[in-house]
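Asks: Have a look at this one.
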Amino acid sequence: MRPASASEPPASRPRRALLSLRARLARPTFDAPEVYGSAAVANIVRALPLVERAYSRIRFSILRPKLLSVMDLLLTDEGRILDVGCGFGLFAAYFGQTQPRRRIVGLDPDARRIGLARRVAEQLGLRDHTFAVGDIRDAPLEGPFDAAYVLDVMHHLPPEDQRRVLERLRDALVPGGVLLVKDITTEPLFGLLFTEALDRLMIGFDEPLAYRHHREWGEMLTELGFRVRMVRVPDILPYPHVVIAATKTR
Ligand SMILES: C[S@@+](CC[C@H](N)C(=O)[O-])C[C@H]1O[C@@H](n2cnc3c(N)ncnc32)[C@H](O)[C@@H]1O
């Protein structure tokens, strides 16, 4: 489009009315306003009971605005999006507030967490979000999904199940759909040991923890037919965060 210049004659009144109508029609309309950053986080924290409030503050201090913004931009801004291992639905509530046309479907084996995720979504007016109790290894996935994300969940799955889960997610996506994996990579070693110690504090010693180097995730996803891009996101704490955006190509 040619930029307007000061020498151009002013638009006539009917033309101005037409331009203004066109601009209004072109502007997207949302049911709810978009809310970002600390305002979005504050809404989520307020919607939770006391104990979970404390947990969610910690969780949002680990997944800082920088990390959230990277993921927010990589996710489609509308359509059906699967949140694998959604927990209390903290990130469904965050990504639902930043782009209210996202319809997020949360899945987690923990029924109490799913109950809280429903409560948070309801309190924030995210009416199109749905949550189900289930294990990503065998739960029925009612696809297709425009995108899916797995935030700090892959390393909680037994290593022998991880590839099969990624395969299931690929099959549930539309062609060109994005699978976003946020996880912890295995270098530097100090970062890994730091993360593992905190994970063990949360889950004890009976559950599996199977971290992989980000290159390994990349190779696995490529073999499964994804085009893969990844970034390591530095933190003031020594978490070795990695964000992997895998686009389904076949
Ligand atoms: C570290 S929490 C992360 C929760 C949430 N994604 C977040 O980032 O706050 C790991 C979550 O994965 C869930 N999870 C563990 N195994 C799973 C499985 N097989 N299928 C689906 N979710 C699983 C747990 O119940 C837990 O809520």
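Asks: Could you tell me which numbered condition Asp128 fails, if it satisfies all but one of (1) over 19 Å from Ala47 (Cα atoms); (2) assigned to a loop (DSSP other than H, G, I, E, B)?
Replies: (1)
Asks: Out of Glu160, Glu196, report the one residue that is of a type outside the set (Phe, Trp, Tyr), more than 12 Å from the ligand (Cβ to nearest atom), surrounded by 12 or more Cβ atoms within 10 Å (Cβ to Cβ) and outside any strand (DSSP E or B).
Replies: On the way: Glu160 fails: surrounded by 12 or more Cβ atoms within 10 Å (Cβ to Cβ).
Being of a type outside the set (Phe, Trp, Tyr), more than 12 Å from the ligand (Cβ to nearest atom), surrounded by 12 or more Cβ atoms within 10 Å (Cβ to Cβ) and outside any strand (DSSP E or B) holds for just one of Glu160, Glu196, which is Glu196.
Asks: Pro49 is checked against (1) open to solvent by less than 60 Å² (accessible area, probe 1.4 Å); (2) within 15 Å of the ligand (Cβ to nearest atom); (3) touching a helix residue (DSSP H, G or I) at 6+ places or on another chain (Cβ under 9 Å) and fails just one. What number does that condition carry?
Replies: Only one criterion in (1) open to solvent by less than 60 Å² (accessible area, probe 1.4 Å); (2) within 15 Å of the ligand (Cβ to nearest atom); (3) touching a helix residue (DSSP H, G or I) at 6+ places or on another chain (Cβ under 9 Å) is unmet by Pro49, namely (2).
Asks: Here is a follow-up. If the requirement is being under 21 Å from Ala54 (Cα atoms) and among the acidic types (Asp, Glu), which of these qualifies: Asp83, Asp108, Asp72, Asp77?
Replies: Going through Asp83, Asp108, Asp72, Asp77 in turn, the sole match is Asp108.
Asks: Got at least one residue in region 99-106 being open to solvent by 10 Å² or more (accessible area, probe 1.4 Å), assigned to a loop (DSSP other than H, G, I, E, B), in contact (Cβ under 8 Å) with a residue 24 or more places away in the chain and within 15 Å of the ligand (Cβ to nearest atom)? Full working, then the answer.
Replies: Initially, region 99-106 is screened for residues open to solvent by 10 Å² or more (accessible area, probe 1.4 Å), giving 99-101, 103, 105.
From the residues that got through so far, the ones that are assigned to a loop (DSSP other than H, G, I, E, B) too are 99-101.
Subset that is in contact (Cβ under 8 Å) with a residue 24 or more places away in the chain: 99-101.
Narrowing further to those that are within 15 Å of the ligand (Cβ to nearest atom): none.
For region 99-106, residues open to solvent by 10 Å² or more (accessible area, probe 1.4 Å), assigned to a loop (DSSP other than H, G, I, E, B), in contact (Cβ under 8 Å) with a residue 24 or more places away in the chain and within 15 Å of the ligand (Cβ to nearest atom): absent.
The values are calculated or read from the model by the stated rules, or taken from the named source; none is laboratory data. What you see is a predicted model; the values in this text were computed from it and never measured. Positions of Cβ are generated from backbone atoms using ideal geometry, with glycine treated the same way; all protein chains shown enter the neighbour counts. Surface areas here come from the heavy atoms of the whole protein model, side chains and all, with no ligands, DNA or RNA. Shrake-Rupley method; radii C 1.70, N 1.55, O 1.52, S 1.80 Å.
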